[in-house]
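**Q** Structure incoming, see below.
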Amino acid sequence: LMRVADFILILPAIYVVLAFRASLPLVLTVPQVFTALTLVLVLAGWPVAARGVRAIVAAERQKEYAEAAYALGAPPMRILHRHLLPATKGFLTVTWVLMVPAFVLTESTMSLVGLGFPVPTATWGTMLRDAWQGGALTDAPWLMAPAAAVVVTVLSLHLLLAGRAPEGPSAGTFS
């Protein structure tokens, strides 16, 4: 499983997302596109979380409280769920905080290239695609406002969510 994660991580993320989405049918309804994009983004993002969780669990397994639980006869699954996985909460929160803006940007990119939401649906990517195809950069530059909206949204999400994230990957765990 980690070799698959490593393979996905070495590829550029946008190409992985485009390949996953291109493997699905091109003509979908809006709810189907939303479900497909969510699935594609999860498939592209899980290796980052999986590697971090694996590393934290491997490090926490060596600590005294985990060894004490093992010495008292606790089954391995109980140790994993009760003691080791709660230590990953801070890391998963930080990972989520960093992935949400990236997913917004990815959805806009996919709609821009025609693999996202269909044209009647108003998303920043479809608006940019309409402006781009019409030569709006020279004729009507104000039609490029969705690009500014994407940049401002991604930046503000990074700034707002980073302020709420716990400090460090082991924040919120017991020591």
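The values are calculated or read from the model by the stated rules, or taken from the named source; none is laboratory data. No experiment lies behind these values; they were computed from the predicted model shown. Heads up, the Cβs are rebuilt from the backbone with ideal geometry, glycines too, and the neighbour counts pull from every protein chain shown. When the accessible area is computed, the model is the full protein with side chains, heavy atoms only, and any ligands, DNA or RNA have been set aside. Shrake-Rupley method; radii C 1.70, N 1.55, O 1.52, S 1.80 Å.
**Q** So, of the residues in the range 8-41 that are surrounded by 15 or more Cβ atoms within 10 Å (Cβ to Cβ) and of a type in the set (G, A, S), which turns out to be nearest to the chain's Cα centre (by Cα)?
**A** A13
**Q** With modelled with pLDDT under 80 and open to solvent by less than 80 Å² (accessible area, probe 1.4 Å) as the only criterion, which of P146, P141, P75 stands out?
**A** Just one listed residue meets the conditions, P141.
**Q** Being in a helix (DSSP H, G or I), of a type in the set (A, V, I, L, M, F, W, C), touching a Lys or Arg at 6+ places or on another chain (Cβ under 9 Å) and open to solvent by less than 60 Å² (accessible area, probe 1.4 Å) is true for just one of A5, A66, A59, A44. Which residue is that?
**A** The unique qualifying residue is A5.
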